[in-house]
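Note sheet for the following structure.
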Amino acid sequence: MLFKRMQEDIQVVFDQDPAARSYLEVIFTYSGVHAIWLHRIAHFFYRRKFFFIARVISQFSRFLTGIEIHPGAQIGRHFFIDHGMGVVIGETCEIGDYVTIYQGVTLGGTGKEKGKRHPTIKDHALIATGAKVLGSITIGKYSKIGAGSVVLKDVPDYSTVVGIPGHVVVQNGKRVSKNLDHNKLPDPIDDYIAELQEDVRKLKEELSALKGEMQDDD
């Protein structure tokens, strides 16, 4: 079972990262893979209430990889961390299968609340570079969180979220592509500015027409 999981972790790298060239390269140079493997060991001890040993392993993993995963976090299969530096995953996080996250992502809490205080990430979700998902919220299946977004509310399945705070900008009941095209994600702020510019243009046209009518009257 252990070796099968390790093979899955390696294979998902080839599925998600076109830069991966060989098994040896993935095994020895991919910090995301190392972090996941060390987390599985730490989680094993955490579930058996060897909390100190679990935390020591998780802190060693943080030192080695730059990725901080609390040993209490529950992580599914085929989880992929690309690059990974600066990733933080909190204690009560629940991550489903086939989830992808990128460097600088935080799956954290919003304060000192007790109990479930970190996000739940459903299957096939993607969280892009630098996004912050905070609190006991749920990111739905096949959803996409855009780079740099701050998400504080639940995200429905098959949705795309961008902005600070995060807004759902795509939700059409169809599967959202997992291709990470940061520059092609919708931007509600740009859309709003474009609407204002169009309103100003129309006002200028109306003002010019009124000036023309006044000159004709003179």
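The values are calculated or read from the model by the stated rules, or taken from the named source; none is laboratory data. Given the structure is predicted, the values throughout are model-derived calculations rather than measurements. In this analysis, Cβ positions are derived from the backbone assuming ideal geometry, glycine residues included, and neighbour counts consider all displayed protein chains.
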**OP:** Give region 40-74 a look and list any residue that's under 19 Å from the mean Cα position of the chain (by Cα), buried (at least 19 other Cβ atoms within 10 Å of the Cβ) and touching a residue at least 24 places away in the same chain (Cβ under 8 Å), or say none.
**Re:** THR65, ILE67, ILE69, ALA73
**OP:** State whether the residues of region 107-126 include one that is surrounded by fewer than 20 Cβ atoms within 10 Å (Cβ to Cβ) and among the aliphatic types (A, V, I, L, M).
**Re:** no
Original post:
Considering ALA35, ALA42, which residue is aliphatic (A, V, I, L, M) and closer than 17 Å to THR92 by Cα?
Top reply: ALA42
Original post:
List pairs: first in region 78-89 and more than 13 Å from ASP17 (Cα to Cα) and without any contact (Cβ under 8 Å) to a residue 40 or more places away in the chain, second charged (D, E, K, R) and assigned to a strand (DSSP E or B), Cβ under 8 Å, 6+ apart or cross-chain?
Top reply: VAL88/GLU68; ILE89/GLU68
Subject >> Residues located in region 108-136, provided they are of a type in the set (Lys, Arg) and part of a loop (DSSP other than H, G, I, E, B) >> reply: LYS112, LYS114, LYS116, ARG117, LYS122
Original post:
Can you tell which of GLN7, GLN11 is polar (S, T, N, Q) and closer than 26 Å to ALA128 by Cβ?
Top reply: GLN11
**OP:** Return yes or no: is ILE75 in the same structural domain as GLY140 (by TED's automatic domain parsing), under 30 Å from LEU152 (Cβ atoms) and either touching a strand residue (DSSP E or B) at 6+ places or on another chain (Cβ under 8 Å) or not small (Gly, Ala, Ser) (or both)?
**Re:** yes
